[in-house]
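Read the figures in this text as sums done on the coordinates, not as results from a lab. Quantities reported herein were computed from a predicted structural model and do not represent experimental measurements. When we count neighbours, we look across all protein chains shown, and the Cβ atoms used for this are built from the backbone with ideal geometry, even at glycine.
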Amino acid sequence: MYSDKVIEHFSNPRNVGEIEDASGSGTVGNPKCGDIMKMDIKVEDGIITDVKFKTFGCGAAIATSSMATEMVKGKSIDEALELTNQAVAEALGGLPPVKMHCSMLAEQAIHAAIQDYQKKQQAQG
Amino acid sequence: MNAIYLDNAATTAVSPAVLQEMLPFFTEHYGNPSSVHSTGRDARKAIENARRQVAAAIGANPQEIYFTAGGSESDNWAIKGAAYANRKKGNHIITTAIEHHAVLHTCAWLEKQGFEVTYLPVDRNGRVTPEQIEAAITDKTILITVMTANNEIGTIEPIAEIGRVAREHKVLFHTDAVQAVGAIPLDVQAMNIDMLSMSGHKFHGPKGIGALYVRRGIRIDTLIHGGAQERGQRAGTENLAGIVGIGKAIEIATENLEEKAAKLSAMRDRLIDGILERIPDVRVNGPRDGRLPNNANISVRYIEGESMLLKLDLAGIAASSGSACTSGSLDPSHVLLAIGLPHEVAHGSLRMTLGSDTTDAEIDKVLEVLPEIISGLRAMSVLNRETSTVTDEVFYNGTK
């Protein structure tokens, strides 16, 4: 049911882990529905220089986390905010319909991390 | 195709001996059993032979066996048929929260038709007691339906005692024995069972064939109208080769059953104990004693079941899970929730069901690769002892 690309990212996920001095961090999902994603980003001069994830979830959740980190790494904040769940799913060669909510979580996790970063920036004034 | 198949509760391979028995009935003895000519009569004989084989395996009379298309049809027919045939006596049905959906969804449909259904809760090991059943009986109760053994966590229910309660109160008793036939000894007389559902492909027979036992003298409404087959109770030209197949399969499955069950149980226990020794933060779902000989079901803390299945699949091992991600819905298994597991723990379940051809070397292989798979997924997971809200007490729920 999964594309080769999904299996490949699931088997060799990119950017797993946490960033100790993260510029922003976001956690989305909940244990009730079986998926939780945490994204940490490091931002320098408006560019996402590093991104790491940790995910509790199914194969699609892990693969979309991995793909989403690849897609935003090296991008500006504005570019990263344009990341959509469709783009993540397409980059993975498509997802089964019941798994589309996993790609939604990847988009939300990136957005949550960026929001956290922006909040911290504002707080610093 | 997986090198190691540990999903025998989902389905089993047709055994070569069963296939050999079936083959002539596709091309040689293909007659319509309802025909008068000898080709038809040969087919009829083969069906009656299979009926005897099925009846003998559960202590029934051949006239009490009706062939169906499988376990789900048998459950549907028994429950709807008994409900409608007894509608004038009452409208109350008693069942449990952990039945197969073929029973639960049938009961839910009957509720829409005006029947009332009591869904009894189970204990932390998945057991319902005869006392619970007795307390739920009212003067409107017409049917009790409780599975012989649970398909997910392997719990064997106290069927004989429930049968006795049903008999004392003159209420019909149906049991979904789809997972139990060929796994544990069954006797419809000794256990006071009025109706019993089974499915051929769970014990090395073909898919698409099942049977329903209905005790002589009990009338249930017909589900499929349109012909005189199965004593006018289940119309449609018989699945001849399938019927021959289920007959042979049940004969083989119930030969030396206790010996085979003891061997499987020992292998299952070695698998479960091996996992508990090697991997921390794992619980066993279902009881250690009184569970199906082939069923191992665990919940692994901090990770999700489908990701385990995929990793196992990549390692050549077929298993299953009660995670939502394997059901196509957002909710994990109703059985795991019914035994008191929080969603997070239910999502992390792994079921491995052994078969008659499972080897010690295969168990060794699972014990070798599973710890690595689990530690790898845990390293990737956002949940751990610090971030998870599930406490030890809730996780083990008195099972450790």
Quarter of Cα convex hull surface for chain A, i.e. mean projection, nm²: 7.2
Angle, helix A:59-72 long axis vs. longest principal axis of chain A, Cα atoms, 0 to 90°, nearest 10? 40
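What's the long-distance tail for region B:214-364, i.e. % of Cα pairs beyond 24 Å? Write out the running numbers ahead of the final one.
Values: 5810 of 11325 pairs.
Here the long-distance tail beyond 24 Å is 51 percent of all Cα pairs in region B:214-364.
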Net charge over other residues, Cβ less than 14 angstrom from the Cβ of B:G322 (K, R count +1; D, E count -1): -4
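Please get the size of the charge dipole for the protein assembly as shown, origin at its Cα centre, with Cβ charges of +1 on Lys and Arg and -1 on Asp and Glu, quoted in debye to the nearest 20. Working shown, then result.
On the way: 51 positive and 65 negative charges, 352 e Å.
With Lys and Arg at +1 and Asp and Glu at -1, about 1680 debye.
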May I ask you to derive the relative contact order of region B:223-374, considering only C-alpha pairs under 8 Å and at least 6 residues apart, and to give it as an integer percent? 22
Is there a simple number for the mean count of other chain Cβ atoms within 10 Å of the Cβ of residues in A:29-41, and what is it? 5
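With only alpha-carbon pairs counted, each pair once and no self-pairs, how large is the Kirkwood hydrodynamic radius of region B:1-159 in angstroms?
Averaging 1/r across every pair of different Cα atoms and inverting gives 18.8 Å.
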If the convex hull is drawn through the Cα atoms of region A:1-57, its volume per residue in Å³: 99
Percent of Cα-Cα pairs per 10 Å bin, from 0 to the last occupied bin, for region B:130-269, please list those. 11, 35, 35, 17, 2
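Dividing the Cα convex hull volume of chain B by residue count, how many Å³ per residue is that?
Details: hull volume 55.7 nm³, N = 400.
In chain B, the Cα convex hull volume per residue is 139 Å³.
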Which value in nm describes the separation of the simple spin-label points at B:A160 and B:N61, placed 7 Å from the Cα toward the beta carbon? 2.4
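For region B:46-89, which trypsin sites (Lys or Arg not before Pro) pass both filters: DSSP loop (anything but H, G, I, E, B) and at most 11 other C-beta atoms within 10 Å? Could the numbers behind the result be given before it?
On the way: sites: B:R51, B:R52, B:K80, B:R87, B:K88, B:K89; in loops: B:R87, B:K88, B:K89.
Sites meeting the loop and neighbour criteria: B:K88.
Assuming 1.306 mPa s and 10 °C, estimate D for region B:1-78 with Stokes-Einstein, Rh taken as the Kirkwood radius over Cα pairs, in µm²/s.
Details: Rh = 15.0 Å.
Once the numbers are plugged in, D ends up at 106 µm²/s.
Tell me the net charge near B:E251. Cut-off is 13 Å between Cβ atoms, B:E251 excluded, with +1 for each Lys or Arg and -1 for each Asp or Glu. Don't skip to the end; give the middle numbers.
On the way: positive: B:R51, B:R52, B:K248; negative: B:E21, B:E255.
Taking every Cβ under 13 Å from that of B:E251, the sum is +1.
Report, to one decimal in Å, the Kirkwood hydrodynamic radius for the protein assembly as shown based on all distinct Cα pairs. Show your work: numbers first, answer last.
Numbers: mean 1/r = 0.0398 Å⁻¹.
Averaging 1/r across every pair of different Cα atoms and inverting gives 25.1 Å.
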Show log10 I(q)/I(0) for region B:268-346 at q = 0.15, 0.25 Å⁻¹, two decimals, from a solvent-free Debye sum over equal Cα scatterers. -0.55, -1.44
Angle, helix B:257-278 long axis vs. longest principal axis of chain B, Cα atoms, 0 to 90°, nearest 10? 20
For a 21 Å ceiling on Cα separation, which of these pairs sit above it: A:K42/A:K120; A:K42/A:K75; B:K365/B:K400; A:K99/A:K119; A:K42/B:K311; A:K5/A:K99? B:K365/B:K400; A:K99/A:K119; A:K42/B:K311
Isolated cysteines for chain A, Cβ-Cβ cutoff 4.7 Å, are A:C33, A:C102
For chain A, what relative contact order do you get, as a whole percent, if you take Cα pairs closer than 8 Å and at least 6 residues apart? 31
